[in-house]
Every structure is written in C-alpha cells, then in structure tokens.
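Just so it is clear, none of the values below were taken in a lab; they were calculated from the coordinates. Bear in mind that the values here come from a model prediction, so they are computed numbers and not experimental data. Don't worry about glycine lacking a Cβ; one is built from the backbone with ideal geometry, like all the others, and counts go over all protein chains shown.
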Amino acid sequence: MCSEEMTKGELTRQTIIAKAAPLFNQLGYAGCSIQDVMRVTGLEKGGLYRHFASKEELATEVFQYSARRVLGARLEGLEKIDGSTKKLRFFIDRFVEIQSTIPGGCPVMNTAIEADDGNPALRKLVQQAVRQWKESIAAIVRTGIEKGEIRAETEPRRVANVIISALEGALMISRLEGNRNAMHDVQVVLREMLGSIESRSKINRR
C-alpha cells in the first residue's frame, strides 16, 4: 500500500513539473506565480505544497526537467554519427532545425538571463547545464584530435564556447525578429568553422 501511494505521489509530482515547465519558461521565475501553477495543474495551494516545500524548489525541479528535455533532444542520435566533425555538424543542424520541446524557447538561455539577477540556486543549475553542454562538445573535439580528424592545435573549449554562444545568440535574434534568418546564417558560418579545423589528412582522403 505504501509503495503504491509513493508511486502515485511521484506521478503527481512529475505531472506538476511537466505542466509548470512551460509557465516558468515563458513567464520566468519571478513572473510565474503559484496561482498560475494552480491554474494549469488544477490543484489547490495545499496540494502543491504537499509535493514541493516552496516555489523555489518547484522552480529548480522544473529547470532540471526542462534542461534534460531540451538538451536530450539536441543530442539525440549523436552517438550514431561516425566522425567528429560530422557529429558537430549534426549537433548544429539539430539545434537549428529542432525547436525547443518546452514552449517559450531555450530554458537554459531564459533561466541564465533571469538567474543572473539574483537566484543563486537556479544560477548554479544553469551553470551545471551549460558545463555539461560544453563538455559534450569539447569531448567530441578531443576525440577528433586523437583520431587525427581535427587539427592538433584546435582548442576544444574554444570550439565549444563559439558553437554554444553563436547558436544561443542566433536563437535570441530569431525570436526577436520573428524569423529563422539568424539561425540559418549561424549554421552556415559554424559549418565553415568546422571545415577550417578539419585536419589536412582527412580532407585529402575525401
């Protein structure tokens, strides 16, 4: 009986997180109220606080859920791609072509902007998410160097920073302008950058 109750409680908790995710992503931590969450979940305040001790706890759980969903979608299928530069191109193309699975845009970028104004718990989670993202890209570059696919002098950290910064910046501009021009422009430029870091021996083998 206890096990069934725990399972039901966890299911309710996950449902609250999933329904609250678009609200926090679109309205922000400060803009999303408990009343907003009550409205989309159909729960009373007591029902919400039975599962979350505070709005901050709910917000951190929501961010982790949203980041997993979005980063997972962007990295999905990457392990099936053969070749380091092909992996990076695949990742860039998915970012450009696959829109956020959470309404409101990229939760990492949205939360990073808001958390910078004074929410240390969320800021720490955003830093972890960006670190994970950067490390995923840098690891591909390091593997490419080891296999002779990418020039030995290439700095993995720099490549990761450029790719992430360019894509997130283009996403922001695209949302402001209401079109995908900036995303497609960045896609072209990043593909050119990847061509420039390919090792000469790999290019000659084509």
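Tabulated data
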quantity: Reach of Lys8 by Cα under 17 Å, taken over lysines that are not fewer than 8 positions away in the same chain; calculated: Lys19
quantity: Check: the chain dipole with +1 on Lys, Arg Cβ and -1 on Asp, Glu Cβ, in debye; calculated: 640
quantity: Cut-off of 10 Å, at most 16 other beta carbons, DSSP loop: longest stretch of the chain lacking such GluC sites (Glu not before Pro); calculated: 77-152
quantity: Farthest toward positive dipole pole in segment 74-180 [+1 Lys/Arg, -1 Asp/Glu at C-beta], among Gln127, Ala138, Ile150; calculated: Ile150
quantity: Label-point separation in nm, Glu79 to Arg94, each point 7 Å along Cα→Cβ; calculated: 1.1
quantity: Projected label distance in nm at Thr154 and Ile34, using a 7 Å step from Cα toward the beta-carbon; calculated: 5.1
quantity: Dipole magnitude of segment 1-94, debye to nearest 20 (Cβ charges: Lys/Arg +1, Asp/Glu -1, about Cα centre); calculated: 360
quantity: Simple spin-label estimate for Lys19 and Arg200 in nanometres, 7 Å along Cα-Cβ; calculated: 6.3
